[in-house]
1. Among 325, 208, 283, what's the order by accessible area (1.4 angstrom probe), most exposed first?
2. On the protein heavy atoms, probe 1.4 angstrom, tell me the percent of accessible surface of the chain carried by carbon and sulfur.
3. Got a number for the accessible area of residue 282? Probe 1.4 Å, square angstrom, nearest 10.
4. Eigenvalues of the Cα gyration tensor times 5, then square-rooted: what semi-axes does that give for the stretch 227-302, in whole angstrom, largest first?
5. Under a straight-distance cross-link criterion of Cα-Cα below 19 Å, which lysines are reachable from residue 83, leaving out those fewer than 8 residues away in the same chain?
6. In whole Hz, what ³J(HN,Hα) sequence does the stretch 276-293 give by Karplus (6.51, -1.76, 1.60; θ = phi - 60°), x for Gly and Pro?
7. When the helices in the chain are scored as -39500 (n - 2.57) per DSSP H run of 4 or longer and the sum is shared across all residues, what 222 nm value do you end up with, to the nearest 500 deg cm²/dmol?
8. Short version: ³J(HN,Hα) in whole Hz for each residue of the stretch 216-232, in order, from phi by Karplus 6.51 cos²θ - 1.76 cosθ + 1.60 (θ = phi - 60°), x for Gly and Pro, what are they?
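The values are calculated or read from the model by the stated rules, or taken from the named source; none is laboratory data. Predicted model only: the values in this text are computed from it and were never measured. When we count neighbours, we look across all protein chains shown, and the Cβ atoms used for this are built from the backbone with ideal geometry, even at glycine. Keep in mind that these areas ignore ligands, DNA and RNA; they rest on the heavy atoms of the full protein, side chains included. Shrake-Rupley method; radii C 1.70, N 1.55, O 1.52, S 1.80 Å.
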Amino acid sequence: MESLTSKTLVTKPYDLTYGYYLSPNFHQLIQDATSNNKSLPVLMLIHGFPDCAEMWAGALPYLLTLGYPLILPDLLGFGASSKPTEPKLYNYRQQADSLAQILDREGVAKEASVIPIGHDWGSATAQRFYLYHRERCIPSPEPFDLKKVNAATEKRFGYPQWEYWNFFTAPDAPEQMKNNLARFWEVNNGYRPSPDPKENGHDVWMREMFCTPGTMGEYITGTGRYKDVTIPLRYYPKGEEVRRRFLERLGKDGLEGPVNYYYTLRDNTMLEEERALCPETSEDGKDRRKIDVPVLYIGQTGDWVCRVDLMGDAVQKGLVSDLEEKVVQGGHWILYEKPDEIASIIGEWVQKRFPVSA
């Protein structure tokens with residue numbers, strides 16, 4: 001990250017500060033492309049929970065060689081960005097509009113191509129950035145009901161996919177996580193091969209922690225089923241460095257702000273904005289949920305929440321017309337585990353679809 005330029009911008013209308021990074025020669029690359037009448041998209045790398053822009057550090061050495069201007073924002077609640085505790089401020093539309101203001105500030109023309117690339121909550125933000133700002137580059141009309149969603153996913157997958165939301169939205173969750181950050185790191189980055197012969201040694205730790213009632217809280221506090229239990233960790237090339245940054249950052253910043261990503265969807269604070277994208281309620285009757293540009297989806301075999309097969313739903317509904325899918329052996333935090341492989345997949349796809357020389 002040392003080679004990048006760190007900046008901040010106070011966005012409107014809520015006076016929220018967003019921190020972000022620009023790649024070297026960001027403006028020069030854009031200016032040269034404009035002068036030579038070339039198309040050169042900006043790659044916007046968006047992290048998820050509970051990370052910050054530094055999550056992309058391992059992928060940067062390769063991505064910086066591709067010749068594209070890069071911008072890496074800290075989403076609200078993380079890094080150098082504001083950390084409000086009001087759920088509505090974490091709405092997709094607000095975040096998308098703030099990212100657009102950053103692009104405006106940095107002189108990225110509205111007609112220029114921006115390719116948003118997201119991980120975890122950053123993927124949802126990247127998708128909504130496109131939906132709300134199509135000129136720059138799968139919501140539902142029904143209210144969100146966590147209990148119903150977990151019941152439906154348990155019937156479909158055999159486990160309640162979003163059970164962990166019940167922990168993250170508990171009143172004392174931010175305090176429990178901050179007071180036990182080392183255990184919270186283990187929750188996110190542990191490794192446990194399945195003892196079930198039918199699962200062929202598949203890593204099931206994320207399913208156990210995120211998709212089983214009560215387990216996350218018990219492990220973080222070292223109680224109940226996890227008293228005196230410490231899980232082995234996944235191997236990351238720079239594991240100790242990443243862990244140290246995680247502990248220092250969240251020890252300083254806390255999680256009172258970040259948990260609002262879960263509140264804002266659970267409590268339907270952005271329901272009307274999301275409804276406006278759907279054909280039944282959009283002003284022109286069109287389905288604004290559709291993504292009409294090329295899409296790359298990277299799934300991980302050990303990710304029991306952001307499953308490798310979930311893009312199939314969007315395909316069946318006709319919401320993505322040009323999709324390329326890749327599956328990588330690894331866990332949810334794949335940019336810590338295999339940064340070079342992920343950077344290579346992104347780079348190959350971007351160069352194929354939007355070559356620098358075009």
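1. Details: 325 95, 208 40, 283 195 Å².
These residues rank, largest area first, as 283, 325, 208.
2. Details: 7990 of 16000 Å².
Reported share for carbon and sulfur atoms: 50 percent.
3. 10
4. Numbers: eigenvalues 294, 80, 32 Å².
After scaling each eigenvalue by five and taking roots: 38, 20, 13 Å.
5. Result set, ordered by chain and number: 7, 12, 178, 252.
6. The phi angles translate into 5, 8, 8, x, 5, 10, 5, 4, 9, x, 8, 7, 7, 6, 5, 9, 9, 10 Hz.
7. Numbers: 16 runs with 138 residues, N = 358.
Here the helix-only value at 222 nm equals -10500 deg cm²/dmol.
8. 4, x, 5, 5, 4, 8, x, 10, x, 5, 10, 5, 6, 10, 10, 8, x
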